1. Determine if region 36-43 includes at least one residue that is of a type outside the set (A, V, I, L, M) and free of Cβ contacts under 8 Å to residues at least 24 places away in the same chain.
2. Being in a loop (DSSP other than H, G, I, E, B), loosely packed, with under 10 Cβ neighbours inside 10 Å, touching a residue at least 12 places away in the same chain (Cβ under 8 Å) and of a type outside the set (A, V, I, L, M, F, W, C) is the requirement here; does residue 46 meet it?
3. Sort out which residues of region 17-31 are outside any helix (DSSP H, G or I) and either over 9 Å from the mean Cα position of the chain (by Cα) or over 18 Å from residue 49 (Cβ atoms) (or both), and write them in order of number.
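Readers should treat all values here as calculations from the given coordinates under stated rules, not as data from a laboratory. Note that this is a predicted model, so its numbers are computed, not measured. A quick note on method: Cβ atoms are made from the backbone with ideal geometry, for glycine too, and the neighbour counts reach across all protein chains shown.
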Amino acid sequence: MEISTVSEIAKKWKISERSVRNFCQQGRVNGAQLKGKTWIIPEGTEKPERIKRKAEPIII
């Protein structure tokens, strides 16, 4: 099984490394494992979809 680092995945998905770490921490990256302080991500993992938040109604 081939593995990738956060920086490699960030370049592949065209997002920041911080976003990749957030996805991993939230459990949204299938197969991602935390080894010490480093996230290990399986090669070929698909980018998770963004979660759209509902806009809060503005109360005046």
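1. Yes.
2. yes
3. 30, 31
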